[in-house]
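What follows is a set of notes on a single structure, which appears directly below.
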Ligand code: GRF
């Protein structure tokens, strides 16, 4: 595996499908001097992703790919990533599952943030599950992406206490706020030798 270190920032793509609060946060982080990444491309599977507005706001290229044909979409993304010399991918609320073949091309260089204490609650509706099960703790996890959904090696994870007064909406809000600290911290952890 090619090592991602050096003086220059690592060219990174962020993949989104929705609101993009993590995207916005990562863009701001990427522009700090200490950040090991620059964000040079935003990829979405839908033109409805609200987060696409950050492409215009922060003057970053955005591209939308139709995932109805997964293979075609992934091939086109790969061509673009190679052309732009992008070396790292952050998934941030990206709702499509990438194929084994795609991941192989970026082995160990795709990470994701997930709103649960993995391995608990892979997939969707994590906050609803945590409330329903009366969990004492919830949280978020940044992990490497492998072909198995939400199952790659954990980079960083943080817990928060679920209060008796919490419902899934309030919990989601708290976890998202926590995610905005966790994602940059995870990137620092793996891409800098502090
Ligand atoms: C976050 O909770 C993230 O953990 C999950 O999807 C949500 C995306 O939120 N994968 P946003 O689009 O970054 O605001």
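Here are some notes:
- Which listed residue, of 106, 65, is at pLDDT 95 or above, more than 16 Å from the ligand (Cβ to nearest atom), touching a strand residue (DSSP E or B) at 6+ places or on another chain (Cβ under 7 Å) and farther than 23 Å from residue 155 by Cα: 65
- Single residue of 116, 140 found to be part of a loop (DSSP other than H, G, I, E, B), within 11 Å of the ligand (Cβ to nearest atom), in contact with a helix residue (DSSP H, G or I) (Cβ under 7 Å, 6 or more places away or on another chain) and touching a residue at least 12 places away in the same chain (Cβ under 8 Å): 116
- Hey, residue 151 more than 16 Å from the ligand (Cβ to nearest atom), more than 13 Å from the chain's Cα centre (by Cα) and in a loop (DSSP other than H, G, I, E, B) or not: no
- Residue that is surrounded by the most Cβ atoms within 10 Å (Cβ to Cβ), among those in region 147-158 that are in contact with a strand residue (DSSP E or B) (Cβ under 9 Å, 6 or more places away or on another chain) and on the phi < 0 side of the Ramachandran plot: 152
- Cross-chain or 6+ apart pairs with Cβ under 6 Å, region 47-60 first and within 15 Å of residue 13 (Cα to Cα), then in a loop (DSSP other than H, G, I, E, B) and within 11 Å of the ligand (Cβ to nearest atom): 51/19; 51/20; 54/20
- Failed item, numbered, when residue 76 is tested on (1) within 22 Å of residue 190 (Cα to Cα); (2) out of contact with any strand residue (DSSP E or B) (no Cβ under 8 Å at 6 or more places or on another chain): (1)
- Test: residue in region 91-99 that is exposed (fewer than 15 other Cβ atoms within 10 Å of the Cβ), away from the ligand (no atom under 13 Å from the Cβ), farther than 22 Å from residue 157 by Cβ and in contact (Cβ under 8 Å) with a residue 40 or more places away in the chain: yes
- A residue that is over 18 Å from residue 13 (Cα atoms) and in a loop (DSSP other than H, G, I, E, B) cannot be found anywhere in region 90-113.
- Checked across region 18-34, the condition of being within 15 Å of the ligand (Cβ to nearest atom) and in a strand (DSSP E or B) holds for no residue.
The values are calculated or read from the model by the stated rules, or taken from the named source; none is laboratory data. The structure displayed is predicted, hence computed values, not measured ones. We place every Cβ from the backbone using ideal geometry, glycine too, and count neighbours over all the protein chains shown.
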